[in-house]
Amino acid sequence: ILWVFAMLFSFLTMAVAARELSDTISPFQIVLMRTIVALSIVSAIVLRSQPGAIAIHRPKLHMFRNFIHYFGNLTWIIGVGLIPLAQVFALEFTMPIWVAMMAVFFLDEKMTFGKIVAIVLGFIGVLIVLRPGLVPIELGSLFVLIASFAFAIAFVSGKSLSKDNASLAIIFWMFAMQLPISAIGGIYVWTTPEWADLPWILWIGVTALTAHYSMVRALALADVTLILPIDFIRMPLIAVIGYMFYAEPFSIWIFVGAGLVFAGEYYNIHQEHKGMQK
């Protein structure tokens, strides 16, 4: 549970750092600086590791995954700068829906009743959050949905790579390959950051690592049916942060939609665990 809260803290403060930086720095440059900080930390870890710790297998899949993951980070940061943080997180919860569908097609997993429920409730939840036809669909919402889809591709690809690549290797090559990709856009729009931006730049790079490491540790130590409900605490917490620091209004529709997405995901996971116990 402590690892879950570390994950929550990392994701929440990462969003705040992205919002703070998006006021003065281009998203392309934010991704570049985030990659530089994270790669520096991972490289220091690699230097203290055993030889062969970052041995790479299936490099073409690594390259595909890391380009998609870069694109997901870029569109997510753009979305964070355009729409309320609670709406960002509500739409972010759709990632497991895309993962469930992709796993059927690319990982040969079965389309179970639980997955169907998760997909249906997930799409209904998104419609409630966006309310197309009742309110204009914001560009930031589309960017976050694209990011969620990209993260799902990266997740499924990473799950495949984990069969013959060490976790440290996957993380190291992710940032190493994303460095030249992010440098193309980041250098083109470069503006010298102010000193006030430095803590946020460092923090968004640090949380890029701590969020995912904490998630992995939590999943290794606790059942996902325990982790998922705690993870949903992100919604009210980010809504409070958005209200207190950015005067973002509360929207009941965002919570209703996110609640439906969460309910579908939880039901699917619960059904899968019941099947594994039989």
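The values are calculated or read from the model by the stated rules, or taken from the named source; none is laboratory data. Please read all numbers here as calculations on a predicted model, not as lab measurements. Glycine gets a Cβ as well: all are built from the backbone with ideal geometry, and neighbour counts include every protein chain shown. Side chains are part of the model used for accessible areas, which takes the heavy atoms of the whole protein and leaves out ligands, DNA and RNA. Shrake-Rupley method; radii C 1.70, N 1.55, O 1.52, S 1.80 Å.
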Worksheet item: Suppose every K and R has +1 on its Cβ and every D and E has -1 on its Cβ; what is the size of the dipole of the chain about the Cα centre, in Debye to the nearest 20?
Response: 720 debye
Worksheet item: Points 7 angstrom from Cα along the Cβ direction at SER40 and ASP23: gap in nanometres?
Response: 2.4 nm
Practice prompt. May I ask you to give the solvent-accessible area per residue for the stretch 1-76, in square angstrom, as obtained with a 1.4 angstrom probe?
Written response: 47 Å²
Worksheet item: How large is the helix-only mean residue ellipticity at 222 nm for the chain, computed as the sum of -39500 (n - 2.57) over DSSP H runs with n ≥ 4, divided by its residue count, in deg cm²/dmol to the nearest 500?
Response: -26500 deg cm²/dmol
Worksheet item: By Kyte-Doolittle mean hydropathy of at least -1.0 and Cα axial length of at least 15 Å, which whole DSSP H helices of the chain are selected?
Response: 2-22, 27-47, 59-80, 95-106, 113-130, 139-161, 167-188, 198-221, 234-246, 252-277
Response to the item:
Here the gain from full extension of VAL189 to VAL120, 0.36 nm per residue of separation minus their alpha-carbon distance, amounts to 20.8 nm
Practice prompt. Run a plain Debye calculation on the stretch 1-131 (Cα atoms as equal point scatterers, no solvent) and give log10 I(q)/I(0) at q = 0.18 Å⁻¹, rounded to two decimals, same order as the q list.
Written response: -1.29
Worksheet entry | FRET efficiency, ALA263 to PHE105 (Cβ-Cβ, R0 25 Å, nearest 0.05) | 0.55
Practice prompt. Jot down the radius of gyration and Dmax of the chain, Cα atoms only, both in angstrom.
Written response: 18.5, 59
Practice prompt. On the protein heavy atoms, probe 1.4 angstrom, tell me the percent of accessible surface of the chain carried by carbon and sulfur.
Written response: 74 percent
Practice prompt. Identify which of ARG217, ARG34, ARG19 has the largest mean-square fluctuation in a Gaussian network model of the chain, with springs joining Cα atoms closer than 10 Å.
Written response: ARG217
Worksheet entry | Estimated distance in nm for a label pair at SER162 and ALA196, the labels positioned 7 Å out from Cα along Cα-to-Cβ | 4.1 nm
Discussion item. Using a 7 Å offset from the Cα along the Cα-to-Cβ direction at both ALA247 and MET63, what is the distance between the two label points in nm, to one decimal?
Written reply: 4.9 nm
Response to the item:
Counting only protein heavy atoms and rolling a 1.4 Å probe, one gets per residue an accessible area for the stretch 95-217 in Å² of 53 Å²
Item to complete: Output the peptides 170-177, 196-203, 77-84 sorted from most to least packed, where packing is the average of other Cβ atoms within 10 Å over each peptide's residues.
Response: 77-84, 170-177, 196-203
Practice prompt. Check the straight Cα-Cα distances from LYS115 and name the aspartates and glutamates below 20 Å, setting aside those fewer than 8 residues away within the same chain.
Written response: GLU92, ASP223, ASP231, GLU265, GLU272
